[in-house]
Structures are given as structure tokens and as C-alpha cells.
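Undergrad: Below: one structure in C-alpha cells.
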Amino acid sequence: MLAKKRVKDKLIIGIESTCDETSIALVKNGTDVIYELTLSQVKKHAKFGGVVPELAAREHIKNFKYLGNKFFVKIKDSLDDVTAIAVAAKIGLPPAVSVGEAYATGISKALNKPLIKINHVLAHIWGVWVDPEFIVKPDFPFLGLIVSGGHTILAKFTSPTEYKILGQTVDDAAGETFDKVARVLELGYPGGPVIEQIARTGDEFAYKFPVPLKDSDDYNFSFSGLKTAVRYFIEKNKHMVPGYMLKYFKADVAASFQYAILSALVNKVKKAIDDTGIKTVVIGGGVAANQRLVDLLAQSTNGVALYVPHLKYTGDNAALIAGYAYNFV
Ligand code: KG4
Ligand code: ZN
């Protein structure tokens, strides 16, 4: 009897520094996270109301030094078995991306292993694959919704690397809109989590904000009009709200805004399901951490398998990069 040929494991080191997370990970066969370390710089940028690219780059240099020391001590026995180094090479803040690229290039040369450049926006779809709680991974084809700070994309994936973009934002991204509205509401940065939190105490039907393209006959999104409408509304009404009521006013505005932007996302996903007949939906990117989005999607997509990674794998993380890179080795 012929012995079954053993398929060699593929071990990939991932490097992520596209925005304000410094992250390094070792992932086996695209799904098994062996070790990962991530440092968030969010507190450093919060006082500026958003990510400052040069500051992010400086912090990445410092953080990679610190995380790298720890990481390579821990994985030293696996180094010979490493297949490749994957780096989030686009799309992000250029000074921050360059730090990760230089660091990954150094590792690739030192270990004499190939360097794979990964589009981190696409890698956001890979959260469910590296999340150990999803033992069963999504079937292809699926509809992928990538909602991050810089991108809003609805695509049909026929394989991990083959996809057709059905629609995307024509102006601001969903995460960016959360951040900008949070700034107008003086809630701090990053806007998504604070808006979600305060919205829990508000009434999402208190105010009706318009969302351009929400019901258009395509799959595109437009959020800049919504942001402006919310800003004008606040400027017009804020001074009429007594001080002790301000937090309730903000909660209602946050909840109504959140409902408007999330409904726009949900409507287009629903339309794509109806039009394509595809009944598997995978979401990723920072905004996928929003529980109200998940609830609204679940409510309006009956009979659809909805895959949402846990918080850790919605945002930027090197495990996504190393995991997704498996599809290119
Ligand atoms: O994917 P990500 O970590 O980084 C980019 O590639 O941009 O996404 C960050 C974005 C930020 O705009 C942040 O406000 C948003 O994701 N975000 C959220 C939530 N958590 C993070 N938006 C809505 N609700 C949340 N819970
Ligand atoms: Zn990202």
C-alpha cells in the first residue's frame, strides 16, 4: 500500500503597520495562529483626534523593536520551518506602511525566505479564517463586506483571491464617517466604538438622517452627505439643548446616525443577496466590530449564513496578513 504523502505545513510570519496597530504573528496553513503580538497606539493619537501618520511611523519603529525581541525568542524553534514573510504593503498611511515593509524586508533577508506583499484591505476578509471559534469556514462563493476606516467594499468572492467588487464608497468610508461624526459630537477618537457605546442609551428613531444612494439600484455607498447632515443638525440644535440634557441629545444623535449608516450597509448587502442568490456573507474591518450592524444584518438576512469575526480579528492584525498570505504561497 502506498504511504499517503504528507503535505508540508506552511508557516508564515505576518507584519502589519498600515495604521495605528503594530502587529506581528506566526500563522500555520492560513488558519492556525501559533503566536501573535499586537500593540495599539490609539491612546497616542486620541489627543490629536485621529491618526498622525509620522507619529504612527515613529511608534511602529519602537514597537517592532520591542515586539520583535519577544516574538523571535518565542518562535525560535520554528524559524527553519518558516515558508515566507508576509507584509501589509498597501493600502494604508504611507509612512506607517514603509516601516512595516522595511522591517519585513529585513526579516526576509535575515531568514532567506520570500517576502509576500499583501493588500491589507482584502486581508480584512480573512478574520473568520484565523478566528479559532469558527471551526467551519465560509463556503465559496460568498458576499464579502469590508468596512474599515479607509474602505467600504462589497464584493463577491469566488475564491480567497478571486473577487469582483460589486460596490464601494464613492466618498467617505464607513469607519471614517463614524470618526468624523464622533469628532463633531466631541466624543473622541476612534469614533466607532464611542458612538456604538453612547448610541446604546439613545433612540435610533429620534432623528431621521438622509443617506445618499441608500436605495439606489447599484451597490455603491455614499456617506459624506450623511456626515454633513449630522454636522448641520448638531450646529443648528445644540445651543437649544439645556446643559443637563446634552448627553441625551448626543446619545439620540449618535443612535440615529448609527442607524442611518448601518441601514445603508445592510440595504446593499440585502440587495446583493437578492440579486446574486448567494446565501453566505462574511464581514471584516473595524466597523464589523459594531454589534448593532451584526444585529441589523442578522435581522434582515433570514436564512443567510453570516460570518463575523470576534473583535480581535475585525481590526488591523498581523494574523490576518499571515493567514491571507497562505493563498499566495
Ligand atoms: O479596519 P480598521 O481597524 O483599520 C483600517 O484599516 O482602517 O478600522 C478602523 C475603523 C475606525 O474608523 C473605527 O472608528 C472603526 O473602524 N470602528 C468602528 C467600531 N470599532 C472600530 N466603527 C463602528 N463601530 C465600532 N464598534
Ligand atoms: Zn485595516
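The values are calculated or read from the model by the stated rules, or taken from the named source; none is laboratory data. Please read all numbers here as calculations on a predicted model, not as lab measurements. In this analysis, Cβ positions are derived from the backbone assuming ideal geometry, glycine residues included, and neighbour counts consider all displayed protein chains. These accessible areas exclude ligands, DNA and RNA; they are computed on the full protein's heavy atoms, side chains included. Shrake-Rupley method; radii C 1.70, N 1.55, O 1.52, S 1.80 Å.
Undergrad: Name the residue from A298, A199, A288 whose Cα lies farthest towards the positive end of the charge dipole of the stretch 136-308, charges +1 on Cβ of Lys and Arg and -1 on Cβ of Asp and Glu.
TA: A199
Undergrad: Now a separate question. Please list, in order along the stretch 38-46, the HN-Hα scalar couplings obtained from phi with the Karplus expression 6.51 cos²θ - 1.76 cosθ + 1.60 (θ = phi - 60°), rounded to whole Hz, x for Gly and Pro.
TA: 9, 10, 9, 9, 3, 5, 5, 8, 4
Undergrad: Please turn the phi angles of the stretch 268-273 into ³J(HN,Hα) values with the Karplus equation 6.51 cos²θ - 1.76 cosθ + 1.60 (θ = phi - 60°), one per residue in order, whole Hz, x for glycine and proline.
TA: Each residue of the stretch 268-273 in turn: 6, 5, 4, 4, 5, 4 Hz.
Undergrad: Rounded if a/c is under 1.5, else prolate if a/b is larger than b/c, else oblate: which is the stretch 263-329, with a ≥ b ≥ c the root eigenvalues of its Cα gyration tensor?
TA: Details: a/c = 2.66, a/b = 1.56, b/c = 1.71.
Oblate, because a/c is 1.5 or more while a/b does not exceed b/c.
Undergrad: For the full complex of protein chains and a 1.4 angstrom probe, list D215, D179, D171 by accessible area with the highest value first. Walk me through the numbers on the way to the answer.
TA: Working: D215 120, D179 30, D171 60 Å².
Accessible-area ranking of D215, D179, D171, largest first: D215, D171, D179.
Undergrad: Across the stretch 314-319, in residue order, what do the Karplus-derived ³J(HN,Hα) couplings come to in whole Hz, using 6.51 cos²θ - 1.76 cosθ + 1.60 with θ = phi - 60° and x for Gly and Pro?
TA: Running phi through 6.51 cos²θ - 1.76 cosθ + 1.60 with θ = phi - 60° gives 7, x, 5, 7, 5, 4 Hz.
Undergrad: Probe 1.4 Å, all protein chains in place: accessible area of D218 in Å², nearest 10?
TA: 50
Undergrad: With each pseudo-label sitting 7 Å past Cα toward Cβ, what's the N220-N302 distance in nm, one decimal?
TA: Using points 7 Å along Cα→Cβ, the separation is 3.3 nm.
Undergrad: Report the charge-dipole magnitude of the chain in Debye, nearest 20, computed about the Cα centre from +1 at each Lys and Arg Cβ and -1 at each Asp and Glu Cβ. Before the final figure, lay out the partial values.
TA: Details: 39 positive and 33 negative charges, 125 e Å.
Once rounded to the nearest 20, the dipole reads 600 debye.
Undergrad: Dipole of the stretch 1-121 (Lys/Arg Cβ +1, Asp/Glu Cβ -1, origin at the Cα centre): which of L55, V82, G30 lies farthest to the positive side?
TA: V82
Undergrad: How many times 2.2 N^0.38 Å is the alpha carbon radius of gyration of the stretch 136-308?
TA: Relative to the 2.2 N^0.38 Å estimate, the stretch 136-308 comes out at 1.05.
Undergrad: If DNA, RNA and ligands are ignored and the probe is 1.4 Å, what is the ranking of H151, H45, H239 by accessible area, most exposed first?
TA: Working: H151 45, H45 0, H239 140 Å².
Putting H151, H45, H239 in descending order of accessible area: H239, H151, H45.
Undergrad: Then there's this: Among P138, P190, P309, determine the one that fluctuates most according to a GNM of the chain built with springs between C-alpha atoms less than 10 Å apart.
TA: Judging by the Gaussian network model, the answer is P138.
Undergrad: Let me ask another. Per the helix-only calculation at 222 nm, which mean residue ellipticity applies to the chain, given -39500 (n - 2.57) for every DSSP H run of n ≥ 4 and division by its residues, nearest 500 deg cm²/dmol? Write out the running numbers ahead of the final one.
TA: Numbers: 11 runs with 136 residues, N = 329.
Rounded to the nearest 500, it is -13000 deg cm²/dmol.
Undergrad: So which residue, out of V294, V27, V87, gets the largest mean-square fluctuation from a GNM of the chain using Cα contacts under 10 Å as springs?
TA: For the chain, modelled as a Gaussian network with Cα springs under 10 Å, the answer is V294.
Undergrad: For F72, F140, give me the order by solvent-accessible area with a 1.4 Å probe, most accessible first, ignoring ligands, DNA and RNA. Let's see the in-between values first.
TA: Values: F72 50, F140 75 Å².
Putting F72, F140 in descending order of accessible area: F140, F72.
Undergrad: Past 20 Å, Cα to Cα, is the threshold; run K10/K90; K180/K238; K28/K117; K43/K250; K117/K156; K90/K180 against it and keep the listed order. Numbers along the way, then the final one.
TA: Working: K10/K90 23 Å; K180/K238 17 Å; K28/K117 18 Å; K43/K250 23 Å; K117/K156 22 Å; K90/K180 23 Å.
With Cα atoms farther than 20 Å apart: K10/K90; K43/K250; K117/K156; K90/K180.
Undergrad: By the gyration tensor of its Cα atoms, with a ≥ b ≥ c the square roots of the eigenvalues, what is the shape of the chain: rounded for a/c under 1.5, prolate for a/b over b/c, or oblate? Mind showing how you got there, number by number?
TA: Numbers: a/c = 2.43, a/b = 1.48, b/c = 1.64.
Verdict is oblate for the chain.
Undergrad: Sticking with this structure for a sec: Out of T105, T152, T18, any idea which swings most in a Gaussian network model of the chain, alpha carbons joined below 10 Å?
TA: Looking only at T105, T152, T18, the biggest GNM fluctuation is shown by T105.
Undergrad: Taking the stretch 42-127, which trypsin sites (Lys or Arg not before Pro) meet the DSSP loop condition and have no more than 13 other C-beta atoms within 10 Å? Write out the running numbers ahead of the final one.
TA: On the way: sites: K43, K44, K47, R58, K62, K65, K70, K74, K76, K90, K109, K117; in loops: K47.
When the trypsin sites (Lys or Arg not before Pro) of the stretch 42-127 are filtered for loop state and at most 13 Cβ neighbours within 10 Å, K47 remain.
Undergrad: V266: accessible area at probe 1.4 Å, nearest 10 Å²?
TA: Here the accessible area works out near 10 Å².
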